[in-house]
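Heads up: the structure comes next, in structure tokens.
The values are calculated or read from the model by the stated rules, or taken from the named source; none is laboratory data. Just so you know, these numbers come straight off a predicted model, no measurement behind them. Cβ atoms come from the backbone with ideal geometry, glycine included; neighbour counts cover every protein chain shown.
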Amino acid sequence: MKRIRSGGIFEEKVGYCRAVVADGWVHVAGTVAPGTDISTDIVDQCRAALAVIEDALSKAGASFADAVRVNYVVPNPAEFEACWPLLAETFGANPPAAMMISCALVDPKYKIEIELTAYRAALKVD
């Protein structure tokens, strides 16, 4: 098993890591836009969260093409549609199964949190 850390502010406070790789699976924790000075625009936050996820996938030896499941959590579901073009572009010809949940996030400044699971049978963990 391999644990991947991104240095996010909640990882140490809450006690988790950005991703865990096990038996070909890459489990990426719920991810929000990083930093303390973040945009209030949901698409900007979505793009920033996807960049953190992409980095974790890369460190695991995977990519968005390996995604099998993605969960989106948004406080205001009416804002989610603005993210659709970015998400369609990100996953392209390899869209994962997906679900969107509407609920409050840990801090009201966050507009979206993304959790993703990927699979690559060839992944070997040292």
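The one condition from (1) part of a loop (DSSP other than H, G, I, E, B); (2) touching a His at 6+ places or on another chain (Cβ under 7 Å); (3) not small (Gly, Ala, Ser) that Thr117 does not meet is (1). Selection of the range 1-32 for residues being touching a strand residue (DSSP E or B) at 6+ places or on another chain (Cβ under 9 Å), among the aliphatic types (A, V, I, L, M) and over 13 Å from Thr117 (Cβ atoms) yields Met1, Ile4, Val32. For the range 66-83, the condition of being modelled with pLDDT under 95 and either part of a loop (DSSP other than H, G, I, E, B) or among the aliphatic types (A, V, I, L, M) (or both) holds for none of the residues.
From the set of residues in the range 66-114 that are surrounded by 11 or more Cβ atoms within 10 Å (Cβ to Cβ) and small (Gly, Ala, Ser), which is nearest to Leu50 (Cα to Cα)?
Ala67
Taking the conditions (1) in a helix (DSSP H, G or I); (2) surrounded by fewer than 18 Cβ atoms within 10 Å (Cβ to Cβ) in turn, Gln45 satisfies each one other than (2).
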